[in-house]
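The values are calculated or read from the model by the stated rules, or taken from the named source; none is laboratory data. The structure presented is a predicted model; accordingly, all values stated were derived computationally and were not measured. Neighbour counts run over all protein chains shown; Cβ positions are idealised from the backbone, glycine included. Remember, those area values only see protein heavy atoms, side chains included, never the ligands or the DNA or RNA. Shrake-Rupley method; radii C 1.70, N 1.55, O 1.52, S 1.80 Å.
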Amino acid sequence: MTIGFASRAAVSGCALCAAGLLALAPAAATTGPGADPGPRTTDAPASLLYRPGTHVRPRAGAPELPDLSARSWLVADAGTGEVLAAHDAHRRLPPASTLKTLFALTVMPALPSGIRHRVRPEELEGIGPGSSLVGVAESRSYRVSDLWNGVFLNSGNDAVRVLAALSGGWRVTAERMEEKARALGARDTRVKSPDGYDAPGQVSSAFDLAVFGRAGLRSAEFATYCAKAEASFPARDGGHYPIVNTNRLLTGADGVTPYRGLIGVKNGYTSNAGNTLVAAARRGDRTLVATVMNPRSDDGHAVYEETRSLLDWGFEAAGRVQPVGSLDALRAGPPGGPEADSVALPAPRRDDADEPPVTWTIAGAALLGGAGVAVFLRLRWGPVPKD
């Protein structure tokens, strides 16, 4: 069968259009509305952390993992970001006051510690019943550094309220915290109450909290606050009173033996979250960060003792286990390195964010195919005559 000129041109044009569509098809498939870009991983084992259960990859001579009752836990090398072992690392659970680590990462860089602020009554409104308080008083003047002592040592939700008011307000602060979490690669965290107070839909994970703790240690200011055992806080009458860090693994209070080499970070408790703890410790040139969430043991100090066991194991396991993932695996910016947290990282991709519509991709393919048709015609039959 003979194909006429029009038919030959159409077939050739369709073939070139199809080539254009195939060349651009990956873009249409991955950038269309509702498409899941998938996790950004740095190594194959990173996917292990999304699987339920306990994950460890021991080499010869590796110590046996401790028996922990926590619903979720993780231990990682703070320097390299390598996760040494984890249990249900991405399980979304209420974080309690460990969420204050993300609050500090978000708000601290914008508030110089030496500035003073007189507290207005409306800044203390909305504090949840039963909240931990440091004793912030309305109409009293405080330095920002005083308020951070109240956040880290006493887990003061009143201090968080005032600092959030100075940073754009409660809702704006929550939104900025989520943006910061995404930029750090912490995608399990949803912020409803920046102080960590129980709120519907507020969750984080052992992975995310370890990311926050590790990022905080890169800030000298953050690291100084989270390592303080005690400080003085301005009293309502103009004097001062002592406050003590509620992290018993740091202070050794209530019969808990202090952990050797501990350098912070933050503990928490609510009736919904149970006990939670992000802890970091340094021995020699090695720093570990560990997260323990909601131990189911009847021991009231289980969160501290299980964290102790996890850190002990991590230091003993150095060089004897292969990583099961990385705290850098889901970062939105360049993975690793202190400089990564000091630069403006790209905003997270929201589910309802404007995406380049697939229509433009198809149009581009059509243009590519059309250009191919023109070239084909000119080569085969010469210049096309004008009207």
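Can you tell which of VAL134, VAL151 is outside any helix (DSSP H, G or I) and on the phi < 0 side of the Ramachandran plot?
Checking each option against the conditions leaves just VAL134.
Just to be sure I understand, how many residues within the stretch 247-262 are crowded, with 19+ Cβ neighbours inside 10 Å and either in contact with a Leu (Cβ under 7 Å, 6 or more places away or on another chain) or within 29 Å of SER141 (Cα to Cα) (or both)?
Total satisfying the criteria: 5.
Quick one: in the stretch 162-174, of everything that is in a helix (DSSP H, G or I) and free of Cβ contacts under 8 Å to residues at least 12 places away in the same chain, which residue is least open to solvent (accessible area, probe 1.4 Å)?
Residue satisfying both the conditions and the ranking: VAL172.
Taking the stretch 199-235, which residues are touching a His at 6+ places or on another chain (Cβ under 6 Å) and part of a helix (DSSP H, G or I)?
Of everything in the stretch 199-235, just one residue is touching a His at 6+ places or on another chain (Cβ under 6 Å) and part of a helix (DSSP H, G or I), namely PHE207.
Is it the case that VAL244 is open to solvent by 20 Å² or more (accessible area, probe 1.4 Å), in contact (Cβ under 8 Å) with a residue 24 or more places away in the chain, closer than 18 Å to ASN157 by Cα and not polar (S, T, N, Q)?
yes
Of the conditions (1) outside any helix (DSSP H, G or I); (2) in contact (Cβ under 8 Å) with a residue 12 or more places away in the chain; (3) surrounded by fewer than 20 Cβ atoms within 10 Å (Cβ to Cβ), GLU179 satisfies every one except a single condition; which number is it?
(1)
Any chance you could count how many residues in the stretch 263-296 are basic (Lys, Arg) and open to solvent by less than 10 Å² (accessible area, probe 1.4 Å)?
Result for the stretch 263-296: 1.
Taking the stretch 100-122, which residues are outside any strand (DSSP E or B) and either out of contact with any helix residue (DSSP H, G or I) (no Cβ under 9 Å at 6 or more places or on another chain) or open to solvent by 60 Å² or more (accessible area, probe 1.4 Å) (or both)?
PRO109, ALA110, PRO112, ILE115, ARG120, PRO121, GLU122
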